[in-house]
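J.: Next up is a structure, given as C-alpha cells.
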Amino acid sequence: MDISFNCDKCGQRLAIDEAGAGQIVDCPKCKTPLEVPYKSQSVVAVSDMLNVPPSSGRLIMEFWSAAFIVFLLLAGAAGLLWFILAMAFKAYTLLNK
Ligand SMILES: [Zn+2]
C-alpha cells in the first residue's frame with residue numbers, strides 16, 4: 001500500500017510505497033527533500049478537494065466511507081434514543097393509569 005502525502009513547500013501530492021516510510025525523497029516538482037511519513041496524511045487540503053488528481057480518487061472514496069460510517073452511527077444513536085424515549089413514555093402511561 002502506498003503512503004500519500006503533500007510536499008511542505010509546493011503542496012505537490014506524492015505517493016510512495018510504504019517500504020519507503022521514514023526515508024528522504026526529493027519532491028518531483030520543487031526538489032525539496034521530504035521525509036516520507038509512516039502513515040498517509042488523513043487530512044485532505046481544500047485545494048485537493050477542488051482540484052482532484054486521478055490518484056486521489058481512492059482518498060476521496062475513503063472520506064465518503066468514513067462519512068457513511070459516521071452517518072450510520074448517528075442514525076443508530078438517534079434510533080436508540082427514540083426507543084428509550086418510547087419505552088419511558090410507555091412506562092409513564094402505565095404508571096399513571
Ligand atoms: Zn515540492
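J.: Filter region 42-89 for residues that are at pLDDT below 90 and farther than 19 Å from D2 by Cβ and give the result.
T.: Listed by number, the residues that qualify are V46, S47, M49, L50, N51, W64.
J.: When you check Y92 against the structure, is it out of contact with any strand residue (DSSP E or B) (no Cβ under 7 Å at 6 or more places or on another chain), hydroxyl-bearing (S, T, Y) and at pLDDT below 90, yes or no? Working first, answer last.
T.: Values: out of contact with any strand residue (DSSP E or B) (no Cβ under 7 Å at 6 or more places or on another chain): yes; hydroxyl-bearing (S, T, Y): yes; at pLDDT below 90: no.
Taking the combined requirement at face value, the residue does not satisfy it.
The values are calculated or read from the model by the stated rules, or taken from the named source; none is laboratory data. In this text the structure is predicted, and so the values were computed from the model without any measurement. Cβ sites come from the backbone with ideal geometry, for glycine too, and all protein chains shown count toward neighbours.
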